[in-house]
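**Student:** Take this structure first; my questions come after.
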Amino acid sequence: MDLAHVYQRTVDPNGTDSLARLARWITPGSTILELGPATGYFTRYLTEKLGCTVDCVEYSEEMAANARPMSRTMIVGDLDQLDLGPLFEPSSYDYVITADVLEHLRNPWRVMEKCRPLLKAGGRFLISIPNVGHAALIAELIAGRFDYREEGLLDRTHLRLFTRKSVLEMLQRCGYRLRDLDRVEWMPEQTEFQRDIEACPPKLRDYLLAHPDSLTYQFIVDAEPGEMTDADIEQWLAAAQGPSDPYFIAKVYWGGPDEALDESRCHRQPVHIREERNLIRFDLPVDQPLATVRFDPVDRPGYLDVYRISVSEVDATGDVVNSLVNIESPTALRENSRWVDLIGGDDESGPRLTSVSNDPQIWLEPSEPWRPASGNRLRFEAELSWPRSADYLVAARQYEASYVALKHELDAFKVHEAELERILAETRAKLQSSEQHGEELTEEIQRLSDYERRCRQAESMLNEIHGSRAWKLITRLRRLKQAILRK
């Protein structure tokens, strides 16, 4: 069995593949049941990088031998036959992981149901699973082909095929509800089918790419035990969107000493025409010494900005251990590479190059072959813009002039707005001061009203006293006393 060809992968925690996306959902230090670990490449990452405790079930004794050192418990057996309940303690796992496994089973529903009691309260079932509705596969069918392959969407060992809807219905049937659904998107040219959708009739191309999940290569599923209603399924189905953004194709070719470059040593990467700066990354084969790397940055004539090109040696976990080439200026790019059908790159044009054909090329040819250490690989990276036509650049300059004018108007408006805000703040402060002074006047008026009321009460009491018989008698006695004293 050729384990390296089919079953070996690396885990780059910052990557975009299925394992990287699953890894970012996992809390370090968790207890995990991994079904189908193959040679243990993900198991190693979980234990060594995340500090998790991992139990495994693997079909192949040969692959289990490779994964066993990274696992706490290794069970060798057929998931379609094993009863997982007696093998593992109930409510003992934070996660159950099936990374590209369920599609290989005759009865994946049974396995999912058996796993549910093994999860702790709050535990989660993490899945990566291929999408049979990918536009490249549909294009193959339209062309009259349905060829099984050694790997990919039509892997010879795939027994079950899934779309978004069938994945959701499987979760519902097995007693899970969806927490999150991520996708790994590959352009048709990036898949094993290498279908050029752009070459299809326009109406067919637009239909294929507008179809929900047309570029979804894998679904990444985060589920937990619980009920999922039909309304929940409809909601997740409505969230599917078929990307229709235009894109260009970047390619890298590689060859060892005395090896010619051909399509068998080539990686392709479609790049959406969205961002001004796009990072393109190609991981080359493990243990492959390289004497030549050819980078085809775009697939059409036009203007593009190349900001950086680098070649690094990375280890099995995707960490860079040695920087071999790092070109960040047009002068360095011209001095350290050979170009075909590209012009520019001088001090006057800056990073901007002009592609004059559909096949521009940048060749890197080191004086001595790059030889990665055993188990390592080389990684090629480029940071560049998308290719633009002369018409686009003219329009962009006009737009930029309009943008600058609008920005000046906006800045002036912001200054005026700030002044109005200042005046408004002063007015509010004065109003608040007036309101406070008004409250003080109201309190003073209330105090005067209370004083006036008390005075009137006192006057009324005096009038009552003066009109009383007692007061009149006292008055007569006082007058009599005064008369006696005068005598």
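Every number here is computed from the coordinates shown, using simple stated rules; none is lab data. Note that this is a predicted model, so its numbers are computed, not measured. Methodologically, a virtual Cβ is constructed for each residue, glycine included, from the backbone with ideal geometry; neighbour enumeration extends over all protein chains shown.
**Student:** Run through the DSSP bridge list for the chain and note the antiparallel percent, rounded to the nearest 5. Each step should come with its number before you reach the end.
**Tutor:** Details: 63 of 82 bridges.
Among the beta bridges of the chain, antiparallel pairing accounts for roughly 75 percent.
**Student:** Hey, another quick one. Per 0.36 nm of contour for each residue apart, how much would the distance between residue 319 and residue 120 grow if the chain were fully extended, relative to their Cα-Cα spacing?
**Tutor:** The residue 319-residue 120 span can extend by a further 68.3 nm.
**Student:** Taking 7 Å along the Cα-to-C-beta vector as the label spot, tell me the residue 416-residue 464 distance in nanometres, rounded to one decimal.
**Tutor:** 7.1 nm
**Student:** For the pair residue 339 and residue 78, what calculated FRET efficiency results from E = 1/(1 + (r/R0)^6), where r is the Cβ-Cβ distance and R0 = 56 Å, to the nearest 0.05?
**Tutor:** E between residue 78 and residue 339, to the nearest 0.05, is 0.55.
**Student:** Could you give the C-alpha radius of gyration of the chain expressed as a fraction of 2.2 N^0.38 Å, taking N as the number of residues it contains?
**Tutor:** Numbers: Rg = 39.4 Å, N = 487, 2.2 N^0.38 = 23.1 Å.
Cα-based Rg divided by the globular estimate yields 1.70.
**Student:** What is the distance, in nm, between label points placed 7 Å from the Cα along the Cα-to-Cβ direction at residue 433 and at residue 194?
**Tutor:** 8.0 nm
**Student:** Another question, then. Please give the peptides 35-44, 248-257 ranked by average Cβ packing (other Cβ atoms within 10 Å per residue), highest first, as a rough proxy for protection. Please report the intermediate quantities before stating the final value.
**Tutor:** On the way: 35-44: 23.7, 248-257: 18.8.
The packing order, highest mean first, is 35-44, 248-257.
**Student:** Mind sorting 380, 146 by how few other Cβ atoms lie within 10 Å of their own Cβ, fewest first?
**Tutor:** Exposure proxy ranking, most exposed first: 146, 380.
**Student:** So, one more: Expressed as a rounded percentage, what relative contact order does region 3-244 have, with Cα pairs under 8 Å and six or more residues apart?
**Tutor:** Once divided by the residue count of region 3-244, the mean separation gives 18 percent.
**Student:** Show that you can apply the helix-only estimate: for the chain, add -39,500 (n - 2.57) for every DSSP H stretch of four or more residues, divide by all residues, and state [θ] at 222 nm to the nearest 500.
**Tutor:** -11000 deg cm²/dmol
**Student:** Give me the net charge for the shell around residue 338: Cβ to Cβ below 12 angstrom, other residues only, Lys and Arg +1, Asp and Glu -1.
**Tutor:** -1
**Student:** Quick one: Debye curve from the C-alpha atoms of region 250-388, no solvent, what's log10 I(q)/I(0) at q = 0.20 Å⁻¹?
**Tutor:** So the normalised log intensities are -1.24.
**Student:** How many lysine pairs does the chain hold where the Cα atoms are under 26 Å apart and the two sit 8 or more places apart or on different chains?
**Tutor:** 6
**Student:** Shifting gears a bit: Would you kindly compute the Cα radius of gyration of region 3-244 and its largest Cα-Cα separation (Dmax), both in Å?
**Tutor:** Radius of gyration, then largest Cα-Cα span, for region 3-244: 18.0, 56 Å.
**Student:** Work out from phi, with θ = phi - 60° and the Karplus expression 6.51 cos²θ - 1.76 cosθ + 1.60, the ³J(HN,Hα) of each residue of region 290-307, listed in order in whole Hz, and give x for Gly and Pro.
**Tutor:** 10, 10, 9, 10, 10, 10, 9, x, 9, 10, 7, x, x, 9, 9, 9, 9, 8
**Student:** Compute the relative contact order of the chain as a whole-number percentage, counting only Cα pairs closer than 8 Å that sit 6 or more residues apart in sequence.
**Tutor:** Result for the chain is 10 percent.
**Student:** Please work out how much length the chain gains when fully extended from residue 207 to residue 179, using 0.36 nm per residue of separation minus the C-alpha to C-alpha distance, in nm with one decimal.
**Tutor:** Length gained, residue 207 through residue 179: 7.1 nm.
**Student:** For residue 373 and residue 62, compute 0.36 nm times the residue count separating them, minus their Cα-Cα distance, and round to one decimal in nm.
**Tutor:** 109.5 nm
**Student:** Taking the beta-carbon count within 10 Å as an exposure proxy, list 47, 427 from fewest neighbours to most. Before the final figure, lay out each step's value.
**Tutor:** Values: 47 18, 427 10.
Fewest-to-most Cβ neighbours within 10 Å comes out as 427, 47.
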